[in-house]
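Trainee: Take a look at the following structure, please.
The values are calculated or read from the model by the stated rules, or taken from the named source; none is laboratory data. Worth saying up front: this structure is predicted, and the values here are computed from it rather than measured. Backbone-built Cβ (ideal geometry, glycine too); neighbour counts: all protein chains shown. Heads up: the accessible areas ignore ligands, DNA and RNA and are worked out on the full protein's heavy atoms, side chains in. Shrake-Rupley method; radii C 1.70, N 1.55, O 1.52, S 1.80 Å.
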Amino acid sequence: MNLQQLEAIACIARNRYNISAAADGLGRSQSGLSRQVKELEIELGAQVFVRTRNKEMGLTPQGERILRIGQRILGDVRTLEQIGAEGAREEEGELRVATTHVHARYLLPRTIKAFAERFPATALTLQQCDPEQCRALIAAGEAEVGVI
């Protein structure tokens, strides 16, 4: 079972069981959409739609339950995507790194460059110190990461 199959069932029901309209709405072929529904029915062992001569006329009782659960799952997926989008916005801020001179000079330059490219809205602050001072900065909450 996959999300595309659940989207197919929801879209077919939304389009009053018109597979052509549902396929257009999803940007898929009619045959591909029908195949996805059939595969889901086989996998679940339940018929989703009432059919007459290969035409969907409505939902079976199991189909109604499958549709309700599928819509809930799709709604939860949209919520997760929104959380992810919010997380992307939260990537702003500052990351404080306590490190020794040797690491700052020789080990971290490429990593810092890659970080800056991936998270341009996040300021990266390096604090050079000896290993004991690095530990103290981490313990005091004055640095988030220590490289020693």
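Trainee: Residue 57: in a loop (DSSP other than H, G, I, E, B), modelled with pLDDT of 85 or more, among the hydrophobic types (A, V, I, L, M, F, W, C) and more than 30 Å from residue 131 (Cβ to Cβ), yes or no? Before the answer, list the steps.
Mentor: Details: in a loop (DSSP other than H, G, I, E, B): no; modelled with pLDDT of 85 or more: yes; among the hydrophobic types (A, V, I, L, M, F, W, C): yes; more than 30 Å from residue 131 (Cβ to Cβ): yes.
When the stated conditions are applied, residue 57 does not pass them.
Trainee: Any idea which of 35, 28, 53, 14 is over 30 Å from residue 122 (Cβ atoms), of a type in the set (Lys, Arg) and open to solvent by less than 60 Å² (accessible area, probe 1.4 Å)?
Mentor: Result: 28 is the single residue among 35, 28, 53, 14 that is over 30 Å from residue 122 (Cβ atoms), of a type in the set (Lys, Arg) and open to solvent by less than 60 Å² (accessible area, probe 1.4 Å).
Trainee: Could you check residue 71 against (1) under 30 Å from residue 140 (Cα atoms); (2) modelled with pLDDT of 90 or more and say which number it fails?
Mentor: With respect to (1) under 30 Å from residue 140 (Cα atoms); (2) modelled with pLDDT of 90 or more, residue 71 is out only on (1).
Trainee: The conditions are (1) of a type outside the set (Asp, Glu); (2) under 15 Å from residue 5 (Cβ atoms); (3) outside any helix (DSSP H, G or I); (4) open to solvent by 30 Å² or more (accessible area, probe 1.4 Å), and residue 46 fails exactly one of them. Which is it?
Mentor: The failed condition is (4).
Trainee: Answer yes or no as to whether residue 9 is open to solvent by less than 80 Å² (accessible area, probe 1.4 Å) and in contact (Cβ under 8 Å) with a residue 60 or more places away in the chain.
Mentor: yes
Trainee: Quick test of your reading of the structure: residue 36 fulfils all but one of (1) assigned to a helix (DSSP H, G or I); (2) farther than 23 Å from residue 75 by Cβ. Name the failing condition by number.
Mentor: (2)
Trainee: Failed condition for residue 23, given (1) over 17 Å from residue 59 (Cβ atoms); (2) open to solvent by 10 Å² or more (accessible area, probe 1.4 Å); (3) not aromatic (Phe, Trp, Tyr), with all others met?
Mentor: Looking at each condition in turn, residue 23 falls short on (2).
Trainee: Could you list, in sequence order, the residues of segment 12-38 that are in contact (Cβ under 8 Å) with a residue 12 or more places away in the chain and touching a helix residue (DSSP H, G or I) at 6+ places or on another chain (Cβ under 7 Å)?
Mentor: 12, 13, 19, 22, 25, 26, 33, 34, 36, 37
Trainee: Among the residues of segment 60-75, how many are assigned to a helix (DSSP H, G or I) and more than 28 Å from the chain's Cα centre (by Cα)?
Mentor: 2
Trainee: Residues that are exposed (fewer than 14 other Cβ atoms within 10 Å of the Cβ) and either at pLDDT below 85 or not aromatic (Phe, Trp, Tyr) (or both), at least 2 per element: which strands (runs of 3 or more DSSP E) completely within segment 76-148 meet that? Spell out how you get there, then give the answer.
Mentor: Details: elements: 93-99, 122-128, 145-147.
The qualifying strands (runs of 3 or more DSSP E) are 93-99, 122-128.
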